[in-house]
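The values are calculated or read from the model by the stated rules, or taken from the named source; none is laboratory data. It should be emphasised that the depicted structure is a prediction, and the values quoted were computed from it without experimental measurement. Positions of Cβ are backbone-derived with ideal geometry, glycine not excepted, and every protein chain shown enters the neighbour counts. Quick note on the areas: whole protein, heavy atoms, side chains included, nothing else; ligands and nucleic acids left out. Shrake-Rupley method; radii C 1.70, N 1.55, O 1.52, S 1.80 Å.
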Amino acid sequence: MAIVSEAATLHRGDVKGGVTRLTFGLKGMTCASCANRIQSGLRKVPGVQEAVVNFATEKATVTFDPAQAGPEAFRRVVEDLGYGVVDGSVKLSLVGMTCQACAQRIERKLNQLPGVLEATVNFAAETALVRYLPGAVGVADMKKAVKDLGYEAFAKDEEGAADAEKEAREREMKRQWRLSG
């Protein structure tokens, strides 16, 4: 499975003076009243300084204090109002896991990344399926989080990923062979 992402995505804006601006895509609006409803809901989130929803472009721009609010809170508000936030998904190949505890460790770490909506690791298939808000978190952030735990991750559709994954698996097999002998 490749990275899948809809046309409108979440983009991280400038961070100035402890304030962040995010623009993210919305789904399900049918009229300007829908946009106003979402805008009002977003403005009620603690830490939000400004929220603007554009019905025509199906996007919301929120200026907020990241110590008080973030993408997950905005997604919850939008979904509680009956609309959707455009998200992406990626399937990562994982190298270096030796047991179910490794898979759980990676899954927990991925789910802690700001902007990750859900991460599920399959130990037997050596994969992770991650739903996320593009712009709030990226595939590079996920790969770094996995690497920080001592494993390797490869996105299925990255150029050269198959070769890099093959080399990493060969290194891991050699490492395990040395440890067993």
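Assorted remarks:
- The range 66-133, accessible area per residue, ligands and nucleic acids excluded (1.4 Å, Å²): 43
- Peptide packing for 143-154, 81-92 was compared via the average number of neighbouring C-beta atoms within 10 Å per residue; ordered from the highest value, the list is 81-92, 143-154.
- Per atom type, the range 48-96 shows carbon and sulfur on 43% of its accessible surface, probed at 1.4 Å.
- Exceedance of the 30 Å cut-off in Cα-Cα distance is limited, within the set Lys44/Lys91; Lys27/Lys109; Lys44/Lys144; Lys27/Lys147; Lys59/Lys143, to Lys44/Lys91; Lys44/Lys144; Lys27/Lys147.
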